[in-house]
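Notes follow the structure.
What follows draws every value from the coordinates through simple rules; no lab data is involved. Here the structure is a predicted model, which means the values were calculated and not measured. Quick reminder, even Gly has a Cβ in these numbers, built from the backbone with ideal geometry, and neighbours come from all protein chains shown.
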Amino acid sequence: MELLDKLNWRYATKKMDPAQAVPQDKVDRIVEAARLAPTSSGLQPFEVIVVTNAELRAKVRAVAWNQAQITDGSHLLVFAAWDNYTPERINQMFDYTNQVRGGTNDGWEAYRQKLLASYPGRDAQVNFEHAARQAYIGFGASVIAASFEGVDSTPMEGFDPAAVDDLLGLKARGLRSVTLLPLGYRQAEGDWLVKLEKVRRPRDQFVTELN
Ligand SMILES: Cc1cc2nc3c(=O)[nH]c(=O)nc-3n(C[C@H](O)[C@H](O)[C@H](O)COP(=O)(O)O)c2cc1C
């Protein structure tokens with residue numbers, strides 16, 4: 001299947017088959033797609049938490065509009081963004097880059113100083129929102145990767161982030177949950193959406209071509 005066929009195949013699955021688990025190698029590749037996603041300045045200001053624990057997923061479901069995919073799927077990905085940009089976090093990423101690449105250069109170090117002079121001084125909420133936008137890029141990559149793997153998923157914003165942060169102990173780690181992505185396999189019976197046509201605005205209302 002071409003990628004676009006897979007994107008047409010995917011949909012925000014409403015009912016997952018609790019009897020079918022996604023193989024770990026597929027989950028790993030879906031998570032890897034998020035790790036490989038581009039982020040602003042390459043800071044990767046988010047993490048992915050993979051929850052399989054049934055009890056924990058039941059607790060998350062209770063603060064996520066009782067959405068059944070969270071417990072019917074086999075894996076729950078939680079995308080959690082940095083709560084702020086700190087000098088430590090920025091330096092860590094620049095230092096790590098230097099380590100991986102075996103050196104640095106003046107332009108790169110000047111860029112580090114530019115970020116250090118601007119990001120940490122901003123309001124934490126502004127920084128979190130910037131970090132959350134980067135988390136969405138990884139989230140999107142995982143949604144696409146899941147379809148590529150023939151795995152169903154449900155992108156979710158329908159949850160209480162503060163409650164999820166409490167359940168997963170994210171605050172103490174300087175993280176805030178942004179989105180959820182249950183993974184599993186569709187169960188056509190009981191899924192009101194599975195047979196409905198995908199709705200997207202026509203291309204001419206979506207794309208402007210300036211030649
Ligand atoms: C950021 C985001 C949050 C969403 N939150 C939920 C959600 O909490 N529950 C749900 O069932 N669907 C959720 N959706 C699914 C959308 O409603 C769905 O992607 C959209 O209607 C397009 O349909 P399709 O994905 O089936 O093609 C969310 C999608 C995105 C991208």
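Worth a mention:
- One residue stands out in the stretch 1-24 among those that are part of a helix (DSSP H, G or I) and under 18 Å from the mean Cα position of the chain (by Cα): the one that is farthest from the ligand (Cβ to nearest atom), namely Gln24.
- Only helices (runs of 4 or more DSSP H) whose full extent lies in the stretch 56-173 are considered here, and the ones with at least 1 residues that are surrounded by fewer than 19 Cβ atoms within 10 Å (Cβ to Cβ) and not β-branched (Val, Ile, Thr) are 87-101, 106-118, 124-148, 161-168.
- Filter result for Val48 (of a type outside the set (D, E, K, R) and in contact with a helix residue (DSSP H, G or I) (Cβ under 7 Å, 6 or more places away or on another chain)): yes
- Looking only at the stretch 133-174, and only at residues there that are among the hydrophobic types (A, V, I, L, M, F, W, C) and within 11 Å of the ligand (Cβ to nearest atom), the one that is nearest to Glu2 (Cα to Cα): Val143
- Failed condition for Lys198, given (1) more than 9 Å from the ligand (Cβ to nearest atom); (2) over 15 Å from the mean Cα position of the chain (by Cα): (1)
- Residue satisfying condition, being within 16 Å of the ligand (Cβ to nearest atom), in a helix (DSSP H, G or I) and surrounded by 12 or more Cβ atoms within 10 Å (Cβ to Cβ), within set Ala37, Ala33: Ala33
- Restricting attention to the stretch 1-52, the residues that are more than 18 Å from Ser147 (Cα to Cα), touching a residue at least 40 places away in the same chain (Cβ under 8 Å) and not β-branched (Val, Ile, Thr) total 10.
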